[in-house]
Amino acid sequence: MKPLSLEYNSTRNKIVFLEYGRSIQNLIRYAKTIESRDERQNVVEEIIALINQLNPQTRNLQEYRQKVWRHVLRMADYDLDVDIPEDVDISQDSINSKPARVPYPQHQFNWRHYGHNIRVMIDKALKMEDGPIKQGYVETILSYMKLSYRTWNKEHFVSDDIIISDLSVLSKNQLSVQDDHTITVITKSNLPNNNINTFKMGKNRKNNNSGMNKNLNRNKMQNKQLQNKPKKKV
């Protein structure tokens with residue numbers, strides 16, 4: 001009996017599409033060896049159905065169907081004699097086409113530690129009418145600016161004067177607060193949602209404590225009754 005020869009991945013053919021695996025690629029190469037055209041057509045369609053099972057949520061999309069057929073032909077080295085659906089475009093231009101490059105957003109911002117969202121909030125505040133709502137919004141901006149400053153400059157002390165001065169520069173001296181204004185530092189404990197959750201937790205804790213106290217009192221009464229119960233004479 002001849003010993004089985006081990007086959008290593010380094011000696012195998014390169015996988016064209018890693019998301020399909022080597023098994024799909026071997027099935028397509030097997031389909032190329034089938035002499036009967038009808039049988040070959042059925043096998044390729046079964047392979048397409050097997051690939052669709054990998055992403056069932058997109059199997060009915062036209063772009064995905066074209067993508068699968070292009071990948072099948074690519075794995076077959078474009079040497080596969082089968083009938084391709086008429087609504088599938090596998091022309092050379094469509095195969096070689098590449099998606100448009102998505103540009104990376106670039107924002108010219110000198111104070112990057114504050115982030116671009118602060119700039120958006122400042123622009124929104126400049127369009128608001130003067131009043132208590134705008135003033136409260138400006139104070140919120142200052143709170144987030146101080147939070148961002150402390151996040152990226154943990155080793156440096158930050159004063160409210162610096163944050164207020166930076167807001168004045170960013171808004172071109174159009175946004176300001178009172179001289180004695182104290183910026184409230186935003187933390188998890190003073191968020192509105194957390195205050196509600198803290199109230200609920202305190203209420204639940206109170207209910208749990210009351211329930212535990214009732215159980216303790218009940219156990220004390222039962223123990224007291226057992227102690228006062230007269231013992232039977234033997």
Checklist entry - Does ILE47 qualify as being in the same structural domain as GLY21 (by TED's automatic domain parsing), surrounded by 11 or more Cβ atoms within 10 Å (Cβ to Cβ), under 17 Å from VAL16 (Cβ atoms) and modelled with pLDDT of 90 or more? => result yes
Checklist outcome for this item: Selection over segment 149-160 where residues are assigned to a loop (DSSP other than H, G, I, E, B) and of a type in the set (S, T, N, Q) yields a count of 2
Next on the checklist: I'd like the residue in segment 98-148 that is assigned to a loop (DSSP other than H, G, I, E, B) and surrounded by 11 or more Cβ atoms within 10 Å (Cβ to Cβ) and, out of all such residues, is modelled with the lowest pLDDT.
Outcome noted: PHE109
Checklist entry - Going through segment 161-186 one residue at a time, which ones are assigned to a helix (DSSP H, G or I), surrounded by 14 or more Cβ atoms within 10 Å (Cβ to Cβ) and of a type outside the set (A, V, I, L, M)? => result ASP166, SER168
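The values are calculated or read from the model by the stated rules, or taken from the named source; none is laboratory data. Since we're looking at a predicted model, the values are computed, not measured. Glycine also receives a Cβ, built like all others from the backbone with ideal geometry; neighbour counts cover every protein chain displayed.
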